[in-house]
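Read through the structure below, which is laid out as structure tokens, and then see the notes.
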Amino acid sequence: MSIKLMMTIIDHEQQVLQEMTEALAMHLSKPRMFDCCGDPSQQIESMMQHVLRGSADTLSKLQAIENDIRMKSRKDDSGSIIEGEVVFENPSPENH
């Protein structure tokens, strides 16, 4: 794996961690948006639905970033290995 590719991946990972930290801080600072009415089981169900919606948003953002990294790495270094996926560059014919 090339150093340039590793640096790109590390930069993206740092960006993801920063965005997740900021999103978590914002989420924790906001009042809860789930329904607090009803019996305890209804409150728990409402809270879990709220958390799952947030998790789905975060997951879709992470998948988009992962896809972006894969596309960029294929353009930058065609002989790289990403999570077990190997992409080989076809060698150009050498003239003797």
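The values are calculated or read from the model by the stated rules, or taken from the named source; none is laboratory data. The structure displayed is predicted, hence computed values, not measured ones. All Cβ positions, even for glycine, are placed from backbone atoms using ideal geometry, and neighbour counts span all protein chains on display.
In this structure, does Ser92 turn out to be over 13 Å from the mean Cα position of the chain (by Cα) and either modelled with pLDDT under 75 or in a loop (DSSP other than H, G, I, E, B) (or both)?
Criteria met by Ser92.
When Met47, Met33 are checked against the criterion of being surrounded by 12 or more Cβ atoms within 10 Å (Cβ to Cβ) and either at pLDDT 80 or above or out of contact with any Pro (no Cβ under 6 Å at 6 or more places or on another chain) (or both), a single residue qualifies: Met47. For the range 56-76, the criterion of being of a type in the set (D, E, K, R), at pLDDT below 75 and in contact with a helix residue (DSSP H, G or I) (Cβ under 9 Å, 6 or more places away or on another chain) is met by at least one residue.
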